[in-house]
């Protein structure tokens, strides 16, 4: 009995190490393969529903069995077996944080980072606290109201960087007006006159109007004005200058480094 105990005790522990390491590596590899499989499965199912979609990105969420799916600029969810597609907002009930909007803000921030600022019509104060990108339509009533208060926005330290979003689409009268404004010698004056109801002198030149309209669609813009902060948060519709400043102060939008 004593020799049996001695025999068991004398088995060198390091001899088990290669087996244990192999088992752990295999488990890790299997997990990675399964994760890859479920991501690919969900993407495959999404592409069956929307074959013309260019970009699909699948990622984990905090919810067991639920994956986040970024379809171009939109966020939806799917069960990890690829069976169900879920649309709507996910709210963390403990923190009350809108996880869907947080994800969308990240997408918008990436897209906004690629904007050529030299291709915007800008109205800036002497000292800027907040830089906002505003998708606008020349013929939109609330867009005109926002523009008529430009000095008040600037007085609040808010810089407005306009992007074209003619709601009627490319080739519409609103689109052509924006092209004429862009091609004017004084873009700011031409835009201000157009938003006051004047028809701009028809002009043609190299312009970013179609590109900006398509970017707006990718960002999820459905109406104007659409106000976006530098960290991708969306403020839909018209907001009065003082109210907008208060709202920005309460958000996590970074201040401008000017």
Is there a residue in the stretch 203-219 that is over 19 Å from residue 119 (Cα atoms), touching a residue at least 12 places away in the same chain (Cβ under 8 Å) and assigned by TED's automatic domain parsing to the domain that holds residue 122? no
How about the stretch 200-222: which of its residues are surrounded by 14 or more Cβ atoms within 10 Å (Cβ to Cβ), over 14 Å from the mean Cα position of the chain (by Cα) and assigned to a loop (DSSP other than H, G, I, E, B)? 200, 203, 207, 208
Can you name every one of the helices (runs of 4 or more DSSP H) wholly within the stretch 141-199 that holds 2 or more residues which are touching a residue at least 60 places away in the same chain (Cβ under 8 Å) and buried (at least 22 other Cβ atoms within 10 Å of the Cβ)? 141-148, 173-182
Scan the stretch 82-136 residue by residue and report those that are free of Cβ contacts under 8 Å to residues at least 24 places away in the same chain, touching a strand residue (DSSP E or B) at 6+ places or on another chain (Cβ under 7 Å) and closer than 19 Å to residue 72 by Cβ. 86, 87, 89
As an exercise: evaluate residue 191 against (1) over 28 Å from residue 108 (Cα atoms); (2) under 29 Å from the mean Cα position of the chain (by Cα) and give the number of the one condition it does not meet. (1)
Only one of (1) more than 21 Å from residue 228 (Cβ to Cβ); (2) out of contact with any helix residue (DSSP H, G or I) (no Cβ under 8 Å at 6 or more places or on another chain) fails for residue 103. Which number is that? (1)
Is it true that some residue in the stretch 248-255 is in contact (Cβ under 8 Å) with a residue 24 or more places away in the chain, within 27 Å of residue 106 (Cβ to Cβ) and surrounded by fewer than 14 Cβ atoms within 10 Å (Cβ to Cβ)? yes
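The values are calculated or read from the model by the stated rules, or taken from the named source; none is laboratory data. Note that the coordinates shown come from a computational prediction; the quantities given were computed from them, not determined experimentally. Here the Cβ is made from the backbone with ideal geometry for all residues, glycine too, and neighbour counts use every protein chain on show.
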